[in-house]
1. Place a label point 7 angstrom from the Cα of residue 112 along the Cα-to-Cβ direction, then list the residues of region 55-99 whose backbone nitrogen is under 19 Å away.
2. Search the structure for amide H atoms under 5 Å from the amide H of residue 27, placed 1.01 Å from N in the peptide plane, and list their residues when 5 or more places away or on another chain.
3. Given the C-alpha centroids of region 112-129 and region 32-101, what is the distance between them in whole angstrom?
4. Please state the charge dipole magnitude for region 3-125, taken about the Cα centre, from unit charges on C-beta atoms (+1 on K and R, -1 on D and E), reported in debye and rounded to the nearest 20.
5. Ordered by residue, what ³J(HN,Hα) values in Hz, to whole numbers, does region 65-82 give under the Karplus form 6.51 cos²θ - 1.76 cosθ + 1.60, where θ = phi - 60° and Gly and Pro are x?
6. Quick one: Karplus J couplings for region 34-44, per residue in order, coefficients 6.51, -1.76, 1.60, θ = phi - 60°, nearest Hz, x for Gly and Pro?
Amino acid sequence: MTKEIYSSGTPWEEMAGYSRALRIGDRILVAGTTASGPDGQVVGPGDPAAQARFIIDKIQAAIQALGGRLEDVVRVRIFVSDIRHWEQVARVHGERFGHIRPVNTLVEARLVSPDHLVEMEAEAVVGAGGP
């Protein structure tokens, strides 16, 4: 079984020794993803919904680069820095995943910086979303 890796180009992937995503067989695993752009700057500072949208787009790009589709996502884990943001983030998740209905966990956690309000990771199984 071969392993394919995907990098989104953020500086931390090389520094910390991890891949944004990897594919093994029909599984695609996407690492904890924040709203950091390629320049390292936070997208949507102070706006958890904007950060969630950016993160899901970033996750989708990683999955597509490895041959999957957003519809193949079977699990999402969401971390918010302040539990009061849960509903804004959940609504964005519903906009993008409402028709897919992956299993989902949302918890409050201390994130990498005060500007990062949301972090998500995802797992996909290629083909799980149908043809």
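Throughout, read-outs are computed from the coordinates displayed, never taken from laboratory work. Keep in mind that what you see is a predicted model, and the values were worked out from it rather than measured. When we count neighbours, we look across all protein chains shown, and the Cβ atoms used for this are built from the backbone with ideal geometry, even at glycine.
1. Answer for this model: 55-63, 77-82.
2. Residues meeting the amide H criterion: 126.
3. Region 112-129 and region 32-101 have Cα centres separated by 6 Å.
4. Numbers: 14 positive and 17 negative charges, 63 e Å.
In total the dipole reaches around 300 debye.
5. Once θ is set to phi - 60°, the couplings for region 65-82 become 4, 9, x, x, 9, 4, 5, 7, 5, 10, 8, 10, 10, 10, 10, 10, 6, 9 Hz.
6. 10, 8, 9, x, x, 7, x, 7, 6, 8, x
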